[in-house]
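Below: the structure, in structure tokens.
The values are calculated or read from the model by the stated rules, or taken from the named source; none is laboratory data. Remember, predicted model here, so these are calculated numbers, not experimental data. Here the Cβ positions follow ideal geometry from the backbone for every residue, glycine too, while neighbour counts run over all protein chains shown.
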Amino acid sequence: MDTSLSNSVYKIESEFNKFKREVEKMFNDIAVKSLNIQKKAFNCCASCIEDKEKIKDYSNISIESIQRCIQNCQKIPESLENKINNEMGTLNESVNACQKSCYHRLEDLLKNQKKQLDTEKEVEQCLTNCFNNHYPLITEIKNRLFRHIDGI
């Protein structure tokens, strides 16, 4: 691999890692913000079992009712998880679409037989822009999820 291509790959990889760290930071912030929701769900699940333990006659205990109770306790954390997954899906789709457009641009440049160095630089810049242009979306997603958590 020649030096210029190696440098381009390194720069793109570096931008990707920086973007990945920002997404991981967002996940961590959301996890911390949602700890109270997780605690409530855990306590709710525990109470499903504790309430049944108070009954002296175990023949009246229904495993199905305990399972229903636990499932109800998990509805809010599950809905939050679904919301997070949907938001991340949107982010991934958007970044992937941007990257695909860069690769289509690369194909066009190669068909037109542009100089390899120019092509590498253009693709490097395009892919770097894909990450840089999506940082605001990370912030938007985080803010939407925080508002969602605050509304629970």
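Things worth noting here:
- Some residue of segment 109-119 being modelled with pLDDT of 90 or more, surrounded by 15 or more Cβ atoms within 10 Å (Cβ to Cβ) and either in contact with a helix residue (DSSP H, G or I) (Cβ under 7 Å, 6 or more places away or on another chain) or acidic (Asp, Glu) (or both): no
- Residue list for segment 46-73, restricted to those being among the hydrophobic types (A, V, I, L, M, F, W, C) and either more than 30 Å from ILE141 (Cβ to Cβ) or at pLDDT below 95 (or both): ALA46, CYS48, ILE49, ILE55, ILE61, ILE63, ILE66, CYS69
- Search result, residues across segment 34-50 that are touching a Leu at 6+ places or on another chain (Cβ under 8 Å) and either part of a helix (DSSP H, G or I) or over 24 Å from ASN86 (Cβ atoms) (or both): ILE37
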